[in-house]
1. Using alpha-carbon pairs under 8 Å, 6+ residues apart, how would you state the relative contact order of segment 436-475 in percent?
2. Let's test this: bin the Cα-Cα distances of the chain at 20 Å from zero up to the farthest pair and state each bin's percent.
3. At 0.36 nm per residue, minus the direct Cα-Cα distance, what do His318 and Lys290 gain on full extension? Give it in nm, one decimal, please.
4. So if I take the centroid of the Cα atoms in segment 258-289 and the same for segment 106-163, what is the distance between those two points in Å?
5. Calculate for the chain the 222 nm mean residue ellipticity that helices alone would give, adding -39,500 (n - 2.57) per DSSP H run of length 4 or more and normalising by residue count, nearest 500 deg cm²/dmol.
6. Take every DSSP beta bridge whose two residues both sit in segment 434-530, then give the antiparallel share in percent to the nearest 5.
7. Do any of Lys284/Lys348; Lys290/Lys512; Lys187/Lys526; Lys348/Lys498 go past 26 Å between their Cα atoms, and which?
8. Starting with the highest mean, order 68-74, 412-418, 189-195 by the number of other Cβ atoms within 10 Å, averaged over the residues of each peptide.
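What follows draws every value from the coordinates through simple rules; no lab data is involved. Only a predicted model underlies this, so the values are computations on that prediction, with no experimental measurement involved. Note that we place each Cβ from the backbone using ideal geometry, even for glycine, and neighbour counts take in every protein chain shown.
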Amino acid sequence: MRGTMMDFPLTLAPILERAGKLFSRIEVVWQRPDRSLARCTYADLYRRARALAEALTKAGLRRGDRVATLMWNHAAHLEAYFGIPVAGGVLHTLNLRLHPGEIAYIVNHAEDRFLIVDDVLLPICESFHGQVHLESIIVVPSGSKPVPGGYEDYEAWLGQATGDFAYPQLDENEAAAMCFTSGTTGKSKGVAYSHRAIVLHSFAQALTDTFGMTHRDVVLQIASMFHANSWGIPFTAAMLGAKLVLPGPHNDPESLLDLIEHEQVSLACAVPTVWIGVLDALEKNPGRWKFASSVRLPTGGSAPPETLMRGLDRHGFHLVQTWGMTESTPMATVSQLKCYMEEWPEEKKYEVRLKQGRPAPFVELRVMRPEGEAPRDAKTAGELEIRGPWVAASYYNAPEEQHRWSADGWFRTGDIATIDSEGYIKLVDRAKDLIKSGGEWISSVDLENALMGHAAVKEAAVIAVPHPKWQERPLAVVVLRDGAQVTAEDLRAFLASKFAKWQLPDAFVFAKQIPRTSVGKFQKTKLREQFADWKWEK
């Protein structure tokens, strides 16, 4: 017997309609390159996204055509997030921090037909333009300067729309958006998100036990809109009618804190390295910023140190661990406490909050070892595998990568994790970042988080360096807080209370900064290259 419910496809068009008609007065705020603030409403977003869809259709967009964007976090990018997929196209966000050759590879692999680019990012576009085959480049002006010749003007393009646009009848399993992985292991790989996956992800992200986003929230999306589907935030915020604040190209701590204060932000999303800088600014400038209420901070990309979580708590910023990947749209787990855990001692609650969390509804996780699935004992580590309705089943046009999926359809993440009896996972490390010394494994993440618990340490990254006797040994690269002084012996003694002697770094290098990836994570590949020829003292 079949159910009697309507066959109503889960696509992005109803979310755009809902935002424009139910939440027409709710604001979208963004920061221009000159740091001035601009504002529009969801009614404006609705009108302009539909105008973009109409303009693309008139320009010859076909179902499934990829439309690339090279843009910061602002309203025009938000328009592309909706206007492209509701026209039947596929939004393809390009990571503007990649090398021009890598961007060209991605554009060609995705077979992008159109590119929408910020005028301030035209130099990046021109650095790879000669290596790709784009039919049209549309430039978004940021000020009064005219768009250079040879390019389409975004505003003039939208101005040609008549408003007479009808949504195509989309299948919910058609691709709506595409992101490429960061390419830390080999060439970047494309993930095509279906309309259905994004809609289900948006519902899940709105749940109280995940991101807990509501219509009453003011949401600051700091994490780049060109990375990992912008964490799904634009779609969830529009679905709920939450006020959305976008920082443009300015992610320095003072600018972010100014935005949080001025717009009364209640939920902000960024990687931990951003919050390290924010906490530093709060500590250096006591009383400078006044906040109307506490701010919830879903964070992901790497594990935040305990000192960061505790420090932000003191200022009314509640850090919430999440975990996900480009391949999971990206939200997979969130570390919210269960009801009975609220009565636990503070130390025990922090222990749970510092884990990557439990899976969102319909996401399934398992930890696998060569002999089979690991027990849920919080001790036995193995590779984390995942499956669910918004988890990729393959990469775009990359059959050689199908080994990343198990024979029974689970995605092999490459993360090494444990899982406890409550269902919370804890990442031990990325498989490629574990340090194998004398046949034993050492977690770089545990060492890094412990080091950042020292009062003098601002940031720390630990890498494996080849060793003639032990195969590999840990080397710590440390950035000190302004004015702080500490020796390698001091740091080794500080770690000795938490780690066995053989786990301690054999060397400490003090640096002015740690290289970061295009999305703000510590770039350990660069550090490994830098210290590949390190000479150990005999």
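1. Computed value for segment 436-475: 44 percent relative contact order.
2. 21, 55, 22, 1
3. Once the chain is fully extended between His318 and Lys290, it gains 8.5 nm.
4. One Cα centre to the other: 33 Å.
5. -8000 deg cm²/dmol
6. 80
7. Cα-Cα > 26 Å for Lys284/Lys348; Lys290/Lys512; rest within.
8. 68-74, 189-195, 412-418
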